[in-house]
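Here's the structure we're looking at; comments come further down.
We did not get these values from a lab; they are worked out from the coordinates using the rules stated. Keep in mind it's a predicted model, so treat the numbers as computed, not measured. Cβ placement follows ideal geometry from the backbone for every residue including glycine, while neighbour counts extend to all protein chains displayed.
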Amino acid sequence: MPIRLIVAESVRATPGHRTISNFGSVVSWQGGPGSAIYVGTKWAVSGISESLRAELAPFGINVMVIEPGWFRTGILGKGVPVYSEKSLGVYEDVGRLREMLGEVDGKQVGDTGKACRVAVDVLTRCGCGEGKDVPIRLVLGRDAFEVIGEKCRATLRLLGEWEGVVGDTDYD
């Protein structure tokens with residue numbers, strides 16, 4: 001079933017570059033303990049963006065998902081209420097993750113100002129985006145580049161390892 005998006009007549013009729021941008025995250029490429037809901041929603045944003053891009057292309061509308069790495073945004077701050085008050089012993093790994101995220105807060109390698117400039121340039125096709133088509137994904141940050149690259153390489157290795165098995169499921 002296709003995703004249906006109502007695009008206002010004025011948007012469809014407007015000449016020029018039109019792009020919808022959504023925010024995904026590098027975490028959609030690497031699940032981990034205690035992050036299933038966040039990772040799942042960011043993964044969904046990326047998938048929806050891909051589908052919408054295909055669906056809106058006939059209207060001359062691009063869709064891009066911005067997938068940043070770790071930036072100093074305050075999302076990891078202790079004041080952000082994302083944890084339950086009680087914890088169970090079986091979730092010690094999640095507790096360690098919480099501690100690690102708290103220690104990382106404010107030390108992320110990504111500069112939000114630089115990331116915003118790149119995103120605006122790509123969306124407006126100016127500066128570093130001049131002469132380039134708007135990509136389906138805009139990966140921001142060296143850390144995100146490395147995580148996504150490794151995930152792609154690992155997926156290719158996995159496909160190679162299981163190629164003979166998965167191909168045996170076709171009709172003869």
What does the extension gain come out to for Trp162 and Ile48, with contour length at 0.36 nm per residue minus their alpha carbon separation?
38.3 nm
Label-point separation, Ala154 to Glu130 (7 Å along Cα→Cβ), nm:
3.9
Excluding Gly110 itself, calculate the net charge of residues whose Cβ lies under 11 Å from the Cβ of Gly110, where each Lys or Arg counts +1 and each Asp or Glu counts -1.
+2
What FRET efficiency, computed as 1/(1 + (r/R0)^6) with R0 = 45 Å and r the Cβ-Cβ distance, is obtained for Arg72 and Tyr171, rounded to the nearest 0.05?
0.25
On full extension of the chain, what length is gained from Glu55 through Arg137, given 0.36 nm per residue of separation minus the C-alpha to C-alpha distance?
27.9 nm
Where a ≥ b ≥ c are the square roots of the eigenvalues of the C-alpha gyration tensor, would you call region 113-172 rounded, which needs a/c under 1.5, or, failing that, prolate if a/b is larger than b/c, or oblate?
prolate
